[in-house]
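Read through the structure below, which is laid out as structure tokens, and then see the notes.
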Amino acid sequence: MRPIHWIIAGVGVGAAVTFLLLYDPSLQHDTGYDGVEGAANRAWAWGTKKRFSGGTDAVVGSVKEAVGRATGNDDLAGEGVLDQAAGTVKDAAGQLGHAVGQTIHDLNR
């Protein structure tokens, strides 16, 4: 594969990540008070950021663990396992943020 394909793929992934991190849905005027909907949207956005961060930490942790095991570096492998655990915790916090945002939205209907 030529390098330009990797560059295009990297730009696409970067654009998708930027969209996920910076997307702020507009307030939904037809469901109730804007302040409550804003809180629901902020909780949902916070959850999305935490889930993305947790997924990233889990992937980095997997790579660290694999490299550590391949090179015989037990410290690096242990650090990778800890990064995976931290990623799992962040993902769970993000799921909680999504649930809170959805609950606030549903109660405001």
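The values are calculated or read from the model by the stated rules, or taken from the named source; none is laboratory data. None of these values were measured; they are calculated from a predicted model. All Cβ positions, even for glycine, are placed from backbone atoms using ideal geometry, and neighbour counts span all protein chains on display. The area values use the complete protein model at the heavy-atom level, side chains included, leaving out ligands, DNA and RNA. Shrake-Rupley method; radii C 1.70, N 1.55, O 1.52, S 1.80 Å.
For the reader, a short list of remarks on this structure follows.
- Count - residues of region 61-83 that are open to solvent by 50 Å² or more (accessible area, probe 1.4 Å) and touching a residue at least 24 places away in the same chain (Cβ under 8 Å): 0
- Residues that are hydrophobic (A, V, I, L, M, F, W, C), open to solvent by 60 Å² or more (accessible area, probe 1.4 Å) and either at pLDDT 85 or above or in a helix (DSSP H, G or I) (or both), drawn from region 22-57: Leu22, Trp44, Trp46, Phe52
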